[in-house]
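To start, the structure itself, in structure tokens.
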Amino acid sequence: MATPTANPPTSDSRDESRPAENKNVVVHAPVLQSLHYKLVITLYRVFAITVLYLVLAGIVSYAFVMGFYAVNSSWAAPTILSAADEKSLDFREKLVTSQQTIEDLKVDTNKLESGLAEMKKHRTALLSLEPELQQAIGREQAHNRTTGPTLAALDQQKQADNQKTQRVLAQLKEVEANINKDLAAGLITQGDAASQLAALNQAGGAYTDSKIAEVLLTDSVLDKTTTGTSSLDVLVKQAELRSEVAQLDVAINVAEKQFQEESRQIDRLRQAIQTAKQSPYYLNASGEKTLYFAFVPYDNQANAVAGTAIYDCYLNMVACRKVGTLKQIYPGEESAIHPIFKTQIRGFLIQMNLDHADSAKSKTVFLGRKPVLF
């Protein structure tokens, strides 16, 4: 009889061993999942809390910065002015135009000054002629009053003499006829007759000359005793002289007023240019070295004092250091954008003496003192 062999394990026995292995897996999986879940939740909470605190810190910092610049009255905003800026170019153009206007006015005033000197000289010469002309007219009138009656009497005498000469000439005609008869009768020679006739013709010519002289004398009497054309010519010249003097007076008066007005305009332009030379735009455009400026709002005007210290800070308010001094204040009004609030504000410019040129690129600097304790 055969020895019974051990029976191989049945399927039931194999099934009993497997649940034991699966049971271990089921036991460890929930634990790992729970650990992962707790780790994720913890990291999420840490991240959320960190972000929340960062946001709160940012809000608090922003609110602090806003509040700080709302109450602080010592900040100023550095401003970089360039010769190529629109305001600088416009300022330079107006300045050049004003200087050219001054040069043109100076040329005009020089012309007016020389013209005035010439007109006054001419007027003086004309005025010096007036007394001489008046004296000459007086002398001529006095002479005419003296010589006029004398010439009138001589004219009458001349007329009487001419009448006598005319009667003598009538008698000479009979003498001429007798000479011709004697010559025809041979009582006198032809030469004697010619001599006698020449004498008669000479007497006739003398009579004609006498009549001409009498007419001329009449003209002279008319000139001496009445206001003739020659006298009127003198009076016309006197009137022209006075008219020219009057015209010169008007021209001199107008030229003097124009000269005074242009001189005042030159003075006004020079004063304007002198004032403009104190502008930061002029100093920036014409200066050879770099200049530093800053905008100060009117609310911070009390701290803008020449010679006061200027501080530059990290983060716009902490870890400050002295970087220079305030050199000059410019009274002209300027407008700018608030470096923090980004709103339009009004104020003025100052010039800074900086020991550290990089501070001119900072968003803000502080005047007089550090904005906080450090």
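What follows draws every value from the coordinates through simple rules; no lab data is involved. As the structure is a computational prediction, the values presented were derived from the model and not from experiment. Note that we place each Cβ from the backbone using ideal geometry, even for glycine, and neighbour counts take in every protein chain shown.
Quick notes
- Other residues whose C-beta falls under 13 angstrom from the C-beta of Q271 contribute a net charge of +3, scoring Lys and Arg +1 and Asp and Glu -1.
- Restraint check, K94/K257; K94/K120; K106/K327, Cα-Cα greater than 29 Å: K94/K120; K106/K327
- The range 330-346 and the range 56-129 have Cα centres separated by 21 Å.
- The simple Förster model, with R0 at 56 Å and r as the Cβ-Cβ distance, assigns D355 and L126 a FRET efficiency of 0.15.
- Full-extension gain in nm, S98 to T208, via 0.36 nm per residue minus C-alpha separation: 31.2 nm
- Other residues with beta-carbon under 9 Å from the beta-carbon of L248 carry, at +1 per Lys or Arg and -1 per Asp or Glu, a net charge of 0.
- Take each peptide in 46-54, 86-94, count the other Cβ atoms within 10 Å of every residue, and average; sorted highest first, the result is 86-94, 46-54.
- Inter-probe distance in nm under a simple model that places probes 7 Å from Cα toward Cβ, at K106 and A272: 1.7
- For K322, neighbours were defined as the other residues whose beta-carbon sits under 11 Å from its Cβ, and their charges (Lys and Arg +1, Asp and Glu -1) total +1.
- Efficiency of FRET between I337 and Y314 - r from beta-carbon atoms, R0 22 angstrom, step 0.05: 0.50
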